[in-house]
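The values are calculated or read from the model by the stated rules, or taken from the named source; none is laboratory data. Everything numeric here is computed off the predicted structure, so don't read it as measured data. Quick reminder, even Gly has a Cβ in these numbers, built from the backbone with ideal geometry, and neighbours come from all protein chains shown. Note: accessible area is taken over every heavy atom of the protein model, side chains too, but ligands, DNA and RNA are not part of it. Shrake-Rupley method; radii C 1.70, N 1.55, O 1.52, S 1.80 Å.
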Amino acid sequence: MKTLLILGAGTGGTMVANKMSEHLDANEWKIILVDKDETHYYQPGFLFIPFEIYSPQDVVKPKRDFVPPNVEFIISDIEMIEPEQNRVKLAKRSKWIDYDYLVVATGSHVHPEETEGMVNGGWYKNIFDFYTVEGATALSRFLKFWKGGRLVLNITEMPIKCPVAPLEFLFLADWYFTERGIRDKVELVLATPLDGAFTKPRASAILGNMLENKGIYIEPEFNIGEVDSSKQVIRSYDEREIDYDLFVTVPTNMGAEVIERSGMGDELNFIPTDKHTLQSKNWENIFIIGDAGDVPTSKAGSVAHFMLDVLIENMQRHMEGLELRSTFDGHANCFIESGFEKGILIDFNYDVEPLPGKYPLPGFGPFSLLQESPANHWGKMIFRWTYWNVLLKGGEMPFESQMSMAGKWA
Amino acid sequence: MTLTINPEVLEGIEFDEEGFMVDADDWTPTIGETIAAILELDLTERHWDVINFVRQEYADKGEAPTLRRITKVGGIPTKELYQLFPDGPAKIAAKVSGLAKPTGCI
Ligand SMILES: Cc1cc2nc3c(=O)[nH]c(=O)nc-3n(C[C@H](O)[C@H](O)[C@H](O)COP(=O)(O)OP(=O)(O)OC[C@H]3O[C@@H](n4cnc5c(N)ncnc54)[C@H](O)[C@@H]3O)c2cc1C
């Protein structure tokens, strides 16, 4: 019996378990999936919790519901990976698992403690994140009774998962405070280490304009050095200061600690990964899906989905002794919620930045690219249903893995 | 202060519109000093620790390191990096080291 071991049962790991269980012969292969958490979080839903569009119950389901019957699912912390020995140590009963193939899908996680002063004093009093269910929920309780003031949203450093989420947060905040009738009492500020609203020039210009039109002020190239919660200011390394009444942070994102303990990651614990084949750069029987790797595209659920087919095919090719295919092109797409029941869709890859146009989606009709429309908002809201019912199970999505130029205005 | 600019050194070297060298392989330490002088930076040994690390990263990986990488792998604290390159260490160190603007973010 051979073993395929999958570490992490989030978006990527769950999809791989489902797909591989269809492809591998159960008489020959055992598939084991490990995660420390019994609960699956629909992370894109965290964005909506502070504004009471979703409640915490709306974004959770038991992980087990998504694990196929022929996959062994173990709930345990992963203590150590020993890639040279082809084995993994679990915290539960200090059990060792030997593997023939390993898929790492341990994701990316926030570390507010990486910033000086962040988790002192004001943490969860008037400093919140919305990248965890706890942070988003605490922020929702705070916002409910907030009378207004200056809300500063800061991205600590890049890369972060879902790089558009901070913009969406501000667009929704603009809508939420308008609905509450206190928009004139709230100042919205984005302090970002980037030189504009987004990482890609055309989208950055368009999204930058949207911020401006909504009266959201942007402080670019702001690299936060510390939070002084007694004075309610954040200070950059080049000594600019911004006062806040409410500070919303997107903390440093890092790969899982087990990656660092195992000496497998870079300076942010992301695993060096071939950006076209999704194989580990150091060990040929290890493949990486989702946020855990260092491939230079967005860290997003949609990207993990686009990686899936390439990863499954390459792992099977490797098992057969065939050469890997370099077919992953960095394809990413995201619906960006822009408030007032509208949204934007962006679609891009390693080589092509987001462009305006129409996205021709079979069965759903065209979505406007880089332009606000109600259809894009509904696309985003339907995404939750699709996520639970199609995506996690590795089902067919109406999106191609590789990006298409159809409908784009180059 | 020993800020001497000898523009002849830069003859034939191509720069992009933001002042980053187009071909990193054209770079020499003298060119680095000249770019630094134009940016009004007086290079100390500590600057050279950074530049050497950045060049080594380029040789190994083909691109400029991020700020965090210079700090964590290169061993130079972020605060000090801002003292050395006040206008943004990752960017300015890349510029002085003859590399393209660091992407580092997606
Ligand atoms: C606020 C927010 C909004 C977002 N919006 C969008 C969006 O609109 N569209 C989109 O496509 N994406 C969005 N994303 C990103 C998306 O959720 C992630 O990119 C995606 O979930 C990544 O999947 P993954 O499998 O790599 O990691 P995850 O789904 O995070 O799974 C990692 C798993 O590994 C487990 N794990 C880690 N370490 C250990 C250990 N030591 N032992 C045991 N188990 C461990 C964790 O428990 C977790 O279950 C958003 C994310 C956030 C936070």
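Give just the number: which of (1) surrounded by fewer than 23 Cβ atoms within 10 Å (Cβ to Cβ); (2) in the same structural domain as A:Lys36 (by TED's automatic domain parsing); (3) not in a helix (DSSP H, G or I) does A:Asn269 not satisfy?
For A:Asn269, the failing item is (1).
Being surrounded by fewer than 24 Cβ atoms within 10 Å (Cβ to Cβ) and within 13 Å of the ligand (Cβ to nearest atom) is the filter here, so list the residues in segment A:11-33 that pass it.
Matches in segment A:11-33: A:Asn18, A:Ile32.
Out of the strands (runs of 3 or more DSSP E) lying entirely within segment A:336-401, which hold 3 or more residues that are out of contact with any Pro (no Cβ under 7 Å at 6 or more places or on another chain), open to solvent by 10 Å² or more (accessible area, probe 1.4 Å) and at pLDDT below 90?
Of the strands (runs of 3 or more DSSP E) lying wholly inside segment A:336-401, those with at least 3 residues that are out of contact with any Pro (no Cβ under 7 Å at 6 or more places or on another chain), open to solvent by 10 Å² or more (accessible area, probe 1.4 Å) and at pLDDT below 90 span A:365-369.
Filter segment A:191-231 down to the residues that are in contact with a helix residue (DSSP H, G or I) (Cβ under 8 Å, 6 or more places away or on another chain) and open to solvent by less than 30 Å² (accessible area, probe 1.4 Å) and list them by number.
The answer is A:Thr192, A:Leu194, A:Gly196, A:Ala197, A:Phe198, A:Leu207, A:Met210, A:Leu211, A:Ile216, A:Gly225.
Mind checking whether some residue in segment A:40-62 is more than 10 Å from the ligand (Cβ to nearest atom), over 24 Å from A:Ile271 (Cα atoms) and more than 23 Å from the chain's Cα centre (by Cα)?
No, because not a single residue in segment A:40-62 is more than 10 Å from the ligand (Cβ to nearest atom), over 24 Å from A:Ile271 (Cα atoms) and more than 23 Å from the chain's Cα centre (by Cα).
Being surrounded by fewer than 16 Cβ atoms within 10 Å (Cβ to Cβ) and in a helix (DSSP H, G or I) narrows it down to one residue among B:Lys79, B:Lys95; which is it?
B:Lys79
Could you give every pair whose Cβ atoms fall below 8 Å, whose first residue belongs to segment A:15-35 and is among the small types (Gly, Ala, Ser), and whose second residue is away from the ligand (no atom under 13 Å from the Cβ) and open to solvent by 60 Å² or more (accessible area, probe 1.4 Å), counting only separations of at least 6 or pairs across chains?
Cβ pairs passing all conditions: A:Ser21/A:Asn70; A:Ala26/A:Asn70.
Of the numbered conditions (1) open to solvent by less than 70 Å² (accessible area, probe 1.4 Å); (2) free of Cβ contacts under 8 Å to residues at least 12 places away in the same chain; (3) away from chain A (no Cβ under 14 Å), B:Trp27 satisfies every one except a single condition; which is it?
(2) is the only condition that B:Trp27 fails.
Using the structure shown, decide if A:Trp385 is over 19 Å from the mean Cα position of the chain (by Cα), among the aromatic types (Phe, Trp, Tyr) and outside the structural domain of A:Leu278 (by TED's automatic domain parsing).
Working: over 19 Å from the mean Cα position of the chain (by Cα): no; among the aromatic types (Phe, Trp, Tyr): yes; outside the structural domain of A:Leu278 (by TED's automatic domain parsing): yes.
Considered against the rule, which asks whether it is over 19 Å from the mean Cα position of the chain (by Cα), among the aromatic types (Phe, Trp, Tyr) and outside the structural domain of A:Leu278 (by TED's automatic domain parsing), A:Trp385 comes out as no.
Would you confirm, using the coordinates I've provided, whether A:Tyr54 is free of Cβ contacts under 8 Å to residues at least 40 places away in the same chain, among the aromatic types (Phe, Trp, Tyr) and closer than 19 Å to A:Glu134 by Cα?
yes
Are any residues in segment A:2-30 among the hydrophobic types (A, V, I, L, M, F, W, C) and either on the phi > 0 side of the Ramachandran plot or touching a Ser or Thr at 6+ places or on another chain (Cβ under 6 Å) (or both), and if so, which ones?
Within segment A:2-30, A:Leu7 is the sole residue that qualifies.
Of everything in segment A:284-305 that's at the interface with chain B (Cβ under 10 Å from one of its Cβ atoms) and over 20 Å from A:Tyr131 (Cβ atoms), which residue is farthest from the ligand (Cβ to nearest atom)?
A:Pro296
Which of the residues spanning segment A:118-133 are crowded, with 20+ Cβ neighbours inside 10 Å and either assigned to a loop (DSSP other than H, G, I, E, B) or in the same structural domain as A:Pro50 (by TED's automatic domain parsing) (or both)? Quick ask: steps written out before the conclusion?
Step one: of segment A:118-133, the residues crowded, with 20+ Cβ neighbours inside 10 Å are A:118, A:123, A:127-131.
Answer for segment A:118-133, where residues must be crowded, with 20+ Cβ neighbours inside 10 Å and either assigned to a loop (DSSP other than H, G, I, E, B) or in the same structural domain as A:Pro50 (by TED's automatic domain parsing) (or both): A:Met118, A:Phe130, A:Tyr131.
Condition (residue is farther than 21 Å from B:Asp87 by Cβ, free of Cβ contacts under 8 Å to residues at least 40 places away in the same chain, of a type in the set (D, E, K, R) and not assigned by TED's automatic domain parsing to the domain that holds A:Ser298) applied to segment A:152-171: is it met by at least one residue?
The initial filter retains those residues of segment A:152-171 that are farther than 21 Å from B:Asp87 by Cβ, namely A:152-153, A:159-171.
When the remaining residues are screened for being free of Cβ contacts under 8 Å to residues at least 40 places away in the same chain, the result is none.
Within segment A:152-171, none of the residues are farther than 21 Å from B:Asp87 by Cβ, free of Cβ contacts under 8 Å to residues at least 40 places away in the same chain, of a type in the set (D, E, K, R) and not assigned by TED's automatic domain parsing to the domain that holds A:Ser298.
Could you list, in sequence order, the residues of segment A:81-99 that are open to solvent by less than 60 Å² (accessible area, probe 1.4 Å) and either without any contact (Cβ under 8 Å) to a residue 12 or more places away in the chain or of a type outside the set (Val, Ile, Thr) (or both)?
Listed by number, the residues that qualify are A:Glu82, A:Pro83, A:Asn86, A:Lys89, A:Leu90, A:Ala91, A:Tyr99.
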